[in-house]
């Protein structure tokens with residue numbers, strides 16, 4: 001092979017190399033940004049394209065065998081959001097350690113009784129979800145089983161737990177990524193609930 005043939009092949013090789021490397025570099029940069037936000041920064045500041053938009057409609061079956069005060073705890077129907085009453089929607093799982101950490105704050109939200117608390121149990125087995133709620137208490141008015149994770153995808157969930165405040169029109173007005181702490185409840189979620197209640 002002549003030197004001229006080798007030289008002719010190099011630009012094409014460089015282009016192919018660029019087509020492979022550039023997307024990988026871009027992906028790595030975006031992944032690093034999200035990893036930094038989750039581990040070092042404030043994960044609740046991760047962007048959400050759903051803020052200010054209608055919440056995705058939910059129709060999720062109840063957790064099989066989950067009973068409260070002798071009655072089955074209902075699943076989630078399409079009309080449970082946007083019916084004129086604000087709501088807090090919380091994604092959780094029995095296998096999620098931060099979900100255990102935040103659970104007392106969910107109990108506190110339920111105790112206040114400002115708005116319905118809707119739970120979405122993510123990729124869990126019913127027996128594990130029942131055990132979790134039996135051990136830590138059930139703060140939820142309704143719980144849907146997101147066994148395939150489809151609702152989490154539609155809601156743009158990054159990981160467990162995540163919490164949303166939805167106003168009476170069914171519009172997402174607030175999102176928190178990660179466990180709810182007393183400070184987050186007092187300084188961010190409670191004011192978001194009040195703003196949602198003030199929406200007409």
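The values are calculated or read from the model by the stated rules, or taken from the named source; none is laboratory data. Note that the structure is a prediction, hence the values are computed from the model and not measured. For neighbour counting, all protein chains shown are included, and Cβ atoms are generated from backbone atoms with ideal geometry for every residue, glycine included.
Only a single criterion out of (1) out of contact with any strand residue (DSSP E or B) (no Cβ under 8 Å at 6 or more places or on another chain); (2) buried (at least 16 other Cβ atoms within 10 Å of the Cβ) is not satisfied by residue 119, namely (1). When 113, 156, 178, 149 are checked against the criterion of being free of Cβ contacts under 8 Å to residues at least 12 places away in the same chain and either on the phi > 0 side of the Ramachandran plot or buried (at least 16 other Cβ atoms within 10 Å of the Cβ) (or both), 113 stands alone in meeting it. When each of 89, 21, 25 is tested for being at pLDDT 95 or above, outside any loop (DSSP other than H, G, I, E, B) and either outside the structural domain of residue 119 (by TED's automatic domain parsing) or within 22 Å of residue 153 (Cβ to Cβ) (or both), the lone residue that passes is 89.
So which residues in the stretch 154-175 are touching a strand residue (DSSP E or B) at 6+ places or on another chain (Cβ under 9 Å) and either assigned to a loop (DSSP other than H, G, I, E, B) or over 21 Å from residue 115 (Cβ atoms) (or both), if there are any at all? I'd like the intermediate steps shown before the answer.
Step one: filter the stretch 154-175 for residues touching a strand residue (DSSP E or B) at 6+ places or on another chain (Cβ under 9 Å), giving 155-175.
Matches in the stretch 154-175: 155, 156, 157, 158, 159, 160, 161, 167, 168, 169, 170.
In this structure, is residue 105 within 24 Å of residue 85 (Cβ to Cβ), in the same structural domain as residue 57 (by TED's automatic domain parsing), buried (at least 17 other Cβ atoms within 10 Å of the Cβ) and touching a residue at least 60 places away in the same chain (Cβ under 8 Å)?
yes
What do you reckon, is residue 170 assigned by TED's automatic domain parsing to the domain that holds residue 63, surrounded by 15 or more Cβ atoms within 10 Å (Cβ to Cβ) and either modelled with pLDDT under 95 or at positive phi (or both)? In short, yes.
Taking only the stretch 55-72 into account, find how many residues are outside any strand (DSSP E or B) and surrounded by fewer than 12 Cβ atoms within 10 Å (Cβ to Cβ). Walk me through how you get there before you give the answer.
We begin by selecting, within the stretch 55-72, every residue outside any strand (DSSP E or B); these are 55-59, 61-66, 69-70.
Now restrict to residues that are surrounded by fewer than 12 Cβ atoms within 10 Å (Cβ to Cβ): 65, 69-70.
Qualifying residue count for the region: 3.
All told, residue 192 meets the bar of being within 23 Å of residue 49 (Cβ to Cβ) and in the same structural domain as residue 112 (by TED's automatic domain parsing). Each residue in the stretch 92-135 was checked for being modelled with pLDDT of 95 or more and part of a loop (DSSP other than H, G, I, E, B), and 9 of them qualify.
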